[in-house]
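Visitor: The structure under discussion is supplied below as structure tokens; questions concerning it will follow.
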Amino acid sequence: MAFFKWEDRFSVGIREIDTQHQKLVAMLNELYDAMQAGKGNDALGKILDEMIKYTAGHFATEERYMKTYNYPELAAHKQEHDSLTKQVLDLQRQFKSGQASMSVKVGNFLKSWLINHISGTDMKYSPFLRAQGMK
């Protein structure tokens, strides 16, 4: 059973962004599966690195669309992205230096953040961007 199962209720109704969200869910499941299988730190670190890189690109996509269409909540949305980025980069630093281990707690943090961000913050921009013709 998947750690995080994508559901239609997470769809923002914009194909590119939904596809990126689904990829993030798949990557989180890959990280969780690797933890459960007892994969080594090198394998876990590589998955985390890929997630961080992909997430940065995803955030840039969202922010580009919000800027293009003058979304009024862009600054607050970007601040939320920046906050998560800082937290995850701190986690990555701790993991790589041996100060922290990859655990289910980390997986649960990432899962909760992703669910809350998509269901809350991203759903706020959805009607605005869709009204601009984005599909």
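The values are calculated or read from the model by the stated rules, or taken from the named source; none is laboratory data. Since we're looking at a predicted model, the values are computed, not measured. Quick reminder, even Gly has a Cβ in these numbers, built from the backbone with ideal geometry, and neighbours come from all protein chains shown.
Visitor: Determine whether LYS124 is closer than 18 Å to SER11 by Cβ and either at pLDDT 95 or above or among the basic types (Lys, Arg) (or both).
Guide: yes
Visitor: Next up: Just checking, does the stretch 16-34 include any residue being assigned to a loop (DSSP other than H, G, I, E, B) and modelled with pLDDT of 95 or more?
Guide: No, the stretch 16-34 has no match at all.
Visitor: Just give me the residues in the stretch 4-32 being among the charged types (D, E, K, R) and under 14 Å from GLU50 (Cβ atoms), in sequence order.
Guide: LYS23, GLU30
Visitor: A further question on this structure: Determine if the stretch 57-69 includes at least one residue that is charged (D, E, K, R), more than 25 Å from ILE14 (Cβ to Cβ), free of Cβ contacts under 8 Å to residues at least 40 places away in the same chain and surrounded by 11 or more Cβ atoms within 10 Å (Cβ to Cβ).
Guide: No, that holds for no residue.
Visitor: Quick one: which helices (runs of 4 or more DSSP H) sit completely within the stretch 40-135 and have at least 1 residues that are more than 19 Å from HIS21 (Cβ to Cβ) and within 16 Å of the chain's Cα centre (by Cα)?
Guide: Passing ranges, in order: 41-68, 74-96, 104-116.
Visitor: Moving on to the next point. State whether one or more residues within the stretch 38-51 are of a type in the set (Val, Ile, Thr), free of Cβ contacts under 8 Å to residues at least 60 places away in the same chain and loosely packed, with under 12 Cβ neighbours inside 10 Å.
Guide: no
Visitor: Counting only residues that are more than 15 Å from the chain's Cα centre (by Cα) and in contact (Cβ under 8 Å) with a residue 12 or more places away in the chain, which one in the stretch 6-22 is surrounded by the most Cβ atoms within 10 Å (Cβ to Cβ)?
Guide: ILE14
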